[in-house]
Amino acid sequence: MYDVAVIGAGPAGLTAAMYAGRYGLKTVFFESVPSQLAVVPNIENYPGFQGSGYELLEKMKEQASRFAEHKLETVEGLRKENNKFIVKTDSGEYEARAVIVASGGKHRELKVPGEREFVGRGVSYCATCDGHFFRGKKVLVIGGGNTALTDAIYLKEIGCDVSIVHRRDELRAEMALQNEIFRREIPVIWNSVVSKIEGKNKVERVILSDVVKNEEFSMDVDGVFIAVGMRPRTEIASGIGVERDSRGYIKVDRMQRTNVPGVFAAGDCCDNPLKQVVTACGDGAVAANSAFAYITSKS
Ligand code: NAP
């Protein structure tokens with residue numbers, strides 16, 4: 001029987017596991033899929049750290065593992081039996097008094113013709129993973145948020161001929177990243193959306209629609225990097241009655257409590273307004289503190 005089971009091993013889950021372990025709680029954390037942080041090429045806004053997301057994540061994981069058990073198992077279900085929770089994974093079942101859900105998010109799809117067909121043949125959701133295949137080639141990044149701009153900067157850095165397409169005339173990304181893409185002269189195609197991705201065996205071109213002029217045009221490209229946001233992974237939590245908002249994010253209060261007593265949530269799967277590594281860590285610490293208060297109030 002564990003005191004706390006943490007679902008997820010990104011910055012929120014690892015911080016929660018480390019804090020819970022340091023509170024003297026018997027803690028386990030489950031790593032099913034790699035955190036999104038693992039593929040961030042460069043972290044500039046986590047205080048005291050400069051380097052790749054992978055490097056930061058590995059340091060966090062090593063630190064959390066000193067205080068909590070790390071299991072590389074996929075969580076398949078969560079249920080409540082009497083006063084304990086049962087976490088079902090692909091390898092077994094684990095009992096815990098409290099659960100911290102830190103299951104993060106996954107990339108959103110564009111849902112246009114050609115997208116699914118060309119995944120791995122020119123369509124990618126991960127510039128760090130696939131960018132090197134496109135060195136010296138023409139690529140298009142779709143989106144106007146922090147991920148799209150970070151991807152575009154990385155792709156330019158490794159030698160791709162990169163452009164960005166954004167559906168509005170204003171970027172959503174933070175100003176530091178906007179300044180960087182303009183400094184590097186990365187062109188932005190404004191007010192346009194990709195309506196189709198075409199090619200024979202691999203991506204050869206995209207069909208774009210100018211949403212202001214209501215005109216279609218074609219652009220020859222070798223690669224399409226889709227960075228149009230995330231969808232939270234919250235299905236497992238919702239299975240035991242955890243409330244979510246209309247976009248699927250877990251509703252939490254300021255103490256990271258969900259509506260289900262004993263279930264807490266942290267990081268990108270929550271309905272918090274800012275999704276950054278530093279805020280995910282903060283959520284994780286608060287969630288562990290709340291789990292500690294919950295467990296000690298019961299014993
Ligand atoms: P995001 O902030 O939600 O931005 C998604 C972008 O894709 C927006 O510009 C959006 O356009 C566009 N978009 C959405 N659906 C689209 C569609 N169907 N067709 C075309 N464009 C579409 O997502 P994100 O950039 O992945 O970031 C996710 C979270 O992680 C954010 O909170 C972000 O701040 C954080 N993050 C932070 C950093 C960092 O701090 N360096 C790096 C990466 C991510 P609109 O602008 O018109 O809505």
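Residues checked against (1) in contact with a Lys or Arg (Cβ under 6 Å, 6 or more places away or on another chain); (2) among the charged types (D, E, K, R):
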site: Glu44; (1), (2): no, yes
site: Gly51; (1), (2): no, no
site: Leu56; (1), (2): no, no
site: Ala64; (1), (2): no, no
site: Lys71; (1), (2): no, yes
site: Glu81; (1), (2): no, yes
site: Glu93; (1), (2): no, yes
site: Ile100; (1), (2): no, no
site: Arg108; (1), (2): yes, yes
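Taking strands (runs of 3 or more DSSP E) that do not extend beyond the stretch 143-225, which have at least 1 residues that are under 21 Å from the mean Cα position of the chain (by Cα)?
Qualifying strands (runs of 3 or more DSSP E): 161-165.
Kindly provide the set of residues from the stretch 12-41 that are of a type in the set (Ser, Thr, Tyr) and in contact with a Pro (Cβ under 9 Å, 6 or more places away or on another chain), ordered by number.
Ser35
Regarding Ser103, is this residue in a loop (DSSP other than H, G, I, E, B), touching an Asp or Glu at 6+ places or on another chain (Cβ under 7 Å) and hydroxyl-bearing (Ser, Thr, Tyr)?
no
In the stretch 199-214, how many are open to solvent by 100 Å² or more (accessible area, probe 1.4 Å) and either among the aromatic types (Phe, Trp, Tyr) or more than 18 Å from Gly120 (Cα to Cα) (or both)?
3
Which one of these does Val228 not meet: (1) open to solvent by 30 Å² or more (accessible area, probe 1.4 Å); (2) part of a strand (DSSP E or B); (3) within 16 Å of the ligand (Cβ to nearest atom); (4) within 30 Å of Gly136 (Cβ to Cβ)?
Status for Val228: all satisfied but (2).
Under 8 Å by Cβ, and 6 or more places apart or on different chains, what pairs join a residue from the stretch 37-57 that is farther than 20 Å from Ala148 by Cβ and more than 9 Å from the ligand (Cβ to nearest atom) with one that is open to solvent by 90 Å² or more (accessible area, probe 1.4 Å) and part of a loop (DSSP other than H, G, I, E, B)?
Pairs that qualify, where the first residue is farther than 20 Å from Ala148 by Cβ and more than 9 Å from the ligand (Cβ to nearest atom) and the partner is open to solvent by 90 Å² or more (accessible area, probe 1.4 Å) and part of a loop (DSSP other than H, G, I, E, B), are Gln50/Glu44.
Within the stretch 109-167, count every residue that is modelled with pLDDT of 95 or more, surrounded by 15 or more Cβ atoms within 10 Å (Cβ to Cβ), acidic (Asp, Glu) and more than 11 Å from the ligand (Cβ to nearest atom).
Total satisfying the criteria: 1.
Which residue out of Glu81, Glu44, Glu73 is surrounded by 15 or more Cβ atoms within 10 Å (Cβ to Cβ) and of a type outside the set (Lys, Arg)?
Glu73
The values are calculated or read from the model by the stated rules, or taken from the named source; none is laboratory data. From a predicted model like this one, the values you see are computed outputs, not experimental measurements. Backbone-built Cβ (ideal geometry, glycine too); neighbour counts: all protein chains shown. The accessibility values were calculated without ligands, DNA or RNA, using every heavy atom of the protein model including side chains. Shrake-Rupley method; radii C 1.70, N 1.55, O 1.52, S 1.80 Å.
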